[in-house]
Amino acid sequence: MNVLLVDDDQLFLKINKLIFEKQGLKVDVAHSGSEALDYMKTSLPDVVLLDVMMPNVSGLEVLIKMKSDGKLKQVPVIMITNLNYELMNRQAKQLGVLGCLKKDNYTPGELCTAVRLMVEPQQSRTLKK
């Protein structure tokens, strides 16, 4: 599984990339919303783990742009946040994300497991169609 981690927190990216890769996932990182959108012009990940709060282009703005793009709208997205989780979860679900996770509730290993549990059933449904 190829994961695109999108967050402006360098330490979060570094730790999670290392843990996800140790658990057998291929991981690319983007340090901003605009960098994520640029990345997806040439590469489609199996899932995007997208921080909500980022400078310039927020995670919600990235999500809206993805959902309006014919190629990107099928890419599963999991939002991650610590700010106003309940509101973000409602907004993200309305925009069609797989889920919204509160960063503080997960260690990097648990976050990787949560991503797998959300994405793998989605992938198997797609393969059956």
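Read-outs throughout are calculated quantities, based only on the coordinates presented, and are distinct from any laboratory measurement. Since this is a predicted model, take the numbers as computed values, not measurements. No Cβ is skipped: glycine too gets one built from the backbone with ideal geometry, and neighbour counts run over all protein chains shown.
Annotations for the structure displayed:
- In segment 1-76, trypsin sites (Lys or Arg not before Pro) in a DSSP loop with at most 15 other beta-carbon atoms within 10 Å: Lys41, Lys71, Lys73
- Sequence of Arg116, Arg90 once ranked by neighbouring C-beta atoms within 10 Å, starting from the fewest: Arg90, Arg116
- Over the chain, DSSP H runs of length four or greater, each weighted -39,500 (n - 2.57), average out per residue to a 222 nm ellipticity of -14500 deg cm²/dmol.
- Spin-label proximity, Asp69 to segment 15-30 - amide N less than 11 Å from point 7 Å beyond Cα toward beta carbon: none
- Sequence-distant residues sharing a close amide H with Ile80 (under 5 Å, placed H): Leu50, Asp51, Val52, Leu101
- Residues of segment 19-55 with amide N under 15 Å of a point placed 7 Å along Cα→Cβ from Glu61: 31-38, 51-55
- Take the Cβ atoms of Glu120 and Leu95, set R0 to 22 Å, and the FRET efficiency comes out at 0.50.
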